[in-house]
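The values are calculated or read from the model by the stated rules, or taken from the named source; none is laboratory data. Remember, it's a predicted structure, so these values are computed and weren't measured experimentally. Counting neighbours? That spans all protein chains shown, and the Cβs are built from the backbone with ideal geometry, glycine included.
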Amino acid sequence: MCLSSAVLSSSAGAPRHKGFVSGQREKNWTEAQKYCREYHTDLASVRNQSENEQIQSIITDKQAWIGLHRLWVWSDNSTATFTHWKTNRPNNRGTNHDDCALIDHQGRWTDEDCTHQHPFVCYDENNSVF
């Protein structure tokens, strides 16, 4: 397991640290969520472009799970007000399992079958300093 944290700026411009943790072992979306909730806080929620770039910077594989799922709400059940989908995504093709989000090494998101195995990104509020 590779641990990384990212430094972000708040909307007011004051620096703050947000604890994003990269999980290198591949898991399906549900297993990744369970792991993040057990050992950190939750799967990563991406609230703005700055956070998207910070998560992108710690991805060591081609794609990783983030917390967006189902009707495109975050793992913590908050509404997604920021998105960064690839062109023509989400396409919601295939099975009804095609409703979990991956971020790629370019920071673009795609919808994917939730049962597929990928690395993932957790958020850890204990690693945050405001």
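Points to keep in mind about this one:
Every residue, every condition in (1) on the phi > 0 side of the Ramachandran plot; (2) outside any loop (DSSP other than H, G, I, E, B); (3) not small (Gly, Ala, Ser), yes or no:
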| site | (1), (2), (3) |
| --- | --- |
| ARG47 | no, no, yes |
| SER50 | no, yes, no |
| GLN54 | no, yes, yes |
| LEU68 | no, yes, yes |
| LEU71 | no, no, yes |
| THR83 | no, no, yes |
| CYS114 | no, no, yes |
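- Cross-chain or 6+ apart pairs with Cβ under 7 Å, segment 101-119 first and over 16 Å from GLY67 (Cβ atoms), then of a type in the set (D, E, K, R) and assigned to a strand (DSSP E or B): GLN117/GLU26; GLN117/LYS27
- In the condition set (1) in a helix (DSSP H, G or I); (2) within 11 Å of the chain's Cα centre (by Cα); (3) not charged (D, E, K, R), ALA64 is compliant with all but (1).
- If you filter segment 89-130 down to residues that are β-branched (Val, Ile, Thr) and modelled with pLDDT of 85 or more, you find that the one that is nearest to the chain's Cα centre (by Cα) is VAL121.
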